[in-house]
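Q: Please read through the structure below; I'll follow up with questions.
The values are calculated or read from the model by the stated rules, or taken from the named source; none is laboratory data. These numbers come from a predicted model, not from an experiment. No Cβ is skipped: glycine too gets one built from the backbone with ideal geometry, and neighbour counts run over all protein chains shown. Keep in mind that these areas ignore ligands, DNA and RNA; they rest on the heavy atoms of the full protein, side chains included. Shrake-Rupley method; radii C 1.70, N 1.55, O 1.52, S 1.80 Å.
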Amino acid sequence: MKNIKFVTAQEAVKVIKSNDRVHLHSVAVTPHPLIAAMCERGRNKEFRNVRIQHIHTEGPAPYADQEFEGIFQLESFFVGHNVRKQTQAGWADYIPVFLHETQRLIREGYLKVNVAMIQISVPDKFGYASLGTSVDATLAAVENAETVIAIVNPKVPRAFGDAMIHINDIDIFVEDDSDLIAKDPGPISDTDRKIGRYVAELVEDGATLQMGIGAIPNAVLSMLGNHKDLGVHSEMFADGILPLVDKGVVNGKNKAIDKGKMVATFLMGSKSLYEFVHDNPGVAMQDVAYTNRVNIIAQNPKVTAINSALQIDITGQVCADSIGTTHYSGVGGQIDFLRGASLSQGGKPIIAIPSVTNKGISKISPILTPGAGVVSTRANIHWLVTEYGAVNLYGRTLQDRAKLIISIAHPDHQETLDKAAFERFGPHFHFVWDAE
Ligand code: COA
């Protein structure tokens, strides 16, 4: 690593000054040594009113805590588990935005970035290093920040695509060799397995898959072993995809763009996943402006987008970001992919949810809880899947939708939902056509 002068994290963060906006690299490559050093300066009251932005960081997020009121203000693009309590309590805040437009906020100057704090792979002999497992809106931050501070870490995979940046674009370098934050896939529950089976039946050979993190995507992927020629164009992917690549099921052969390549903008998974993307020309880590842009997504055939929800009403309005007025996550890429799948030839937008929460509350309700955020409208929703089946709402009337949705609600809640639909739509709701 000749020509690179390293400084300590404490030295590096001295560039941060009052009223700055700091962008943090996300998920597995969250730059923790820089965050710790920045918070130390904050605790010493060396600056005030520093705004922090990121999509989602993993690990501790002390900058969101109440103790930093007036020193840091978090304005995240997604509310992850590590900043949820602080956001719900009002100490931290959230910017509702489609994931594909997070970069636009930066590139078009809505949010001016003073300092970008990132983590990169070891530069090659030409001076190129990789943003590793997260490109998302961070590439836009690197391009637009007044100062870029990078931790060079040999554990960051050398992932290709838009992830490759040149060290001339970085101002300050810090060395570290900590492991990236990794998450092993959890066990698949019986409910998720049933949902996974229904979703897997909807996936056709030659489909291009998008799916989020969590148990349902893993359950779906575990049932695709006998499929053929699947491709991946997603916001993210995790470990569930690896056995399918090994078996040749995921080969990207049928994709219309990025043929043969798996495309994502961030990854979250185990150490094996990070090893898989290292130096792998079959994976393109791309700008979120590309991965999540509706007209790019729609170019691939049979785009099958599998997303989840917190609550859905009997007409098909999907709430995915709050529980009533209590903010829980974010708009994320749900609409980007549901819309992209809808416009793709043979595409299938799918919302997959357990019928009840882990506390037994029905996720299907007559109306959304007051204050719930509609992330996907009635018109965006096609397939809805629970452990009780799969129904297609596209092209169906309000009353037909209610009947279909109630048919896959938890049996303990069907009667209440049916009564609510009857009150809402009137006696015609129970009208049955004579059989031919
Ligand atoms: N009423 C009350 N509480 C509810 C609820 C409801 N209808 N639905 C869920 N909850 C509670 C659960 O009990 C659980 O509580 P806990 O944390 O105390 O255990 C919590 O909310 C999370 O619910 P769960 O169903 O496990 O959520 P999840 O982890 O499967 O995430 C979303 C679901 C919708 C939050 C997630 O998919 C998301 O953020 N989506 C929006 C962004 C997106 O779709 N991006 C594209 C793919 S990356």
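Q: Under 20 Å Cα to Cα from K419, which aspartates and glutamates show up? Leave out anything in the same chain fewer than 8 places away.
A: D313, D400
Q: Related question: Any idea what diffusion coefficient segment 79-220 gets from Stokes-Einstein, in µm²/s, Kirkwood Rh on alpha carbon pairs, 25 °C, 0.890 mPa s?
A: Diffusion coefficient, whole number: 136 µm²/s.
Q: In percent, what relative contact order does the chain have, based on Cα pairs under 8 Å that are 6 or more apart in sequence?
A: 13 percent
Q: Now for a separate question. Report the relative contact order of segment 9-175, percent, no decimals, based on alpha-carbon pairs under 8 angstrom and at least 6 residues apart.
A: Relative contact order here is 22 percent.
Q: 5 Å is the cut-off here: which amide hydrogens, built 1.01 Å from N in the peptide plane, fall below it relative to V50, excluding neighbours closer than 5 in sequence?
A: N19, F72, Q73
Q: Of the listed pairs K194/K363; K228/K261; K255/K348; K359/K403; K194/K255, which have alpha-carbon separations greater than 21 Å here?
A: From the list (K194/K363; K228/K261; K255/K348; K359/K403; K194/K255), the Cα-Cα distance tops 21 Å for K359/K403; K194/K255.
Q: Dipole magnitude of the chain about its Cα centre, charges +1 at Lys/Arg Cβ and -1 at Asp/Glu Cβ only, in debye to the nearest 20?
A: For this selection, approximately 340 debye.
Q: Chymotrypsin sites (Phe, Trp or Tyr not before Pro) within segment 80-186: which are DSSP loop residues with at most 15 other Cβ atoms inside 10 Å?
A: Y110, F126
Q: Taking the inverse of the average 1/r across all pairs of different Cα atoms in segment 392-436, what Kirkwood radius in Å do you get?
A: 11.2 Å
Q: Rounded, prolate or oblate, given the Cα gyration tensor of segment 161-218, with a/c below 1.5 counting as rounded?
A: Judged from the Cα gyration tensor, segment 161-218 comes out oblate (a/c at least 1.5, b/c at or above a/b).
Q: Moving to a separate point now. For the chain, what is the calculated [θ] at 222 nm in deg cm²/dmol (nearest 500), taking -39500 (n - 2.57) for each run of four or more DSSP H residues and dividing by its residue count?
A: -6500 deg cm²/dmol
Q: Still on this structure, please answer the following. Could you tell me which of rounded, prolate or oblate describes segment 185-245, using a ≥ b ≥ c as the square roots of the eigenvalues of the alpha-carbon gyration tensor, with rounded for a/c under 1.5 and, failing that, prolate when a/b is larger than b/c and oblate otherwise?
A: Here segment 185-245 falls in the oblate category.
Q: Tell me, how many Å apart are the Cα centres for segment 356-386 and for segment 225-255?
A: 29 Å
Q: Just to be sure I understand: of the beta bridges DSSP finds with both ends in segment 9-175, what percent are antiparallel, rounded to 5?
A: Around 10 percent of the beta bridges assigned by DSSP in segment 9-175 are antiparallel ones.
Q: A further question follows. In terms of modelled amide H atoms, which long-range or inter-chain residues lie less than 5 Å from the amide H of I120?
A: I151, V152, N153
Q: Using per-residue counts of other Cβ atoms within 10 Å, averaged over each peptide, order 241-249, 305-313, 75-83, 150-158 from highest down.
A: 305-313, 150-158, 75-83, 241-249
Q: Going through segment 371-422, which chymotrypsin sites (Phe, Trp or Tyr not before Pro) have at most 11 other Cβ atoms within 10 Å and a DSSP loop state?
A: The qualifying sites: there are none.
Q: Return the carbon/sulfur percentage of the accessible area of segment 53-166, one whole number, probe 1.4 Å, all protein chains in place.
A: For segment 53-166, the apolar C and S fraction of the accessible surface comes to 52 percent.
Q: Let me ask something additional. Starting from the exponent 0.38 and prefactor 2.2 Å, build the expected Rg for the chain from its residue count and divide its actual Cα Rg by it.
A: For the chain, the normalised Cα radius of gyration comes out at 1.02.
Q: Can you give the % of DSSP beta bridges in segment 190-425 that are antiparallel, to the nearest 5?
A: Here the share of antiparallel DSSP bridges comes out near 35 percent.
Q: Out of all DSSP beta bridges in the chain, what portion is antiparallel? Express it as a percent rounded to 5.
A: Just about 25 percent of them are antiparallel.
Q: When the distances between all Cα atoms of segment 190-425 are binned every 5 Å from zero, what whole-number percent does each bin get?
A: Bin by bin from 0 Å, the calculated values are 1, 7, 15, 19, 20, 16, 11, 7, 4, 1, 0, 0.
Q: With a 10 Å cut-off between alpha carbons and a GNM built on the chain, which of K228, K85, K14 moves the most?
A: The residue that fluctuates most here is K14.
Q: Carbon and sulfur: what percent of segment 190-425's accessible surface (1.4 Å probe)?
A: Answer for segment 190-425 is 52 percent, counting heavy atoms of protein chains only.
Q: Normalising by the residue count of segment 190-425, find the relative contact order in percent from Cα pairs under 8 Å and 6+ residues apart.
A: Once normalised by length, the contact order is 18 percent.
Q: Using alpha carbons only, how many angstrom separate the centre of segment 258-321 from the centre of segment 1-47?
A: Spelled out, the Cα-based centre of one part sits 30 Å from the other.
Q: Among rounded, prolate and oblate, which fits segment 9-175 when a ≥ b ≥ c are the square roots of the eigenvalues of its C-alpha gyration tensor, a/c under 1.5 means rounded, and a/b larger than b/c means prolate?
A: prolate
Q: Right, next: What list of ³J(HN,Hα) values in whole Hz, one per residue of segment 361-376 in order, does the Karplus curve 6.51 cos²θ - 1.76 cosθ + 1.60 (θ = phi - 60°) give from phi, with Gly and Pro shown as x?
A: The phi angles translate into 7, 5, 7, 9, 9, x, 9, 5, 4, x, x, 5, x, 7, 7, 10 Hz.
Q: Rounded to whole Å, give me the distance from the Cα center of segment 186-200 to that of segment 66-81.
A: Measuring centre to centre over Cα atoms gives 35 Å.
Q: Give the long-range amide H neighbours of G332: residues separated by 5 or more places, or on another chain, with amide H under 5 Å away, using H modelled in the peptide plane at 1.01 Å from N.
A: Amide H neighbours of G332, under 5 Å, 5+ apart: V97, L99.
Q: At a 10 angstrom cut-off on C-beta neighbours, averaged per residue, how do the peptides 204-210, 18-24 rank from highest to lowest?
A: Highest-to-lowest ranking by the protection proxy: 204-210, 18-24.
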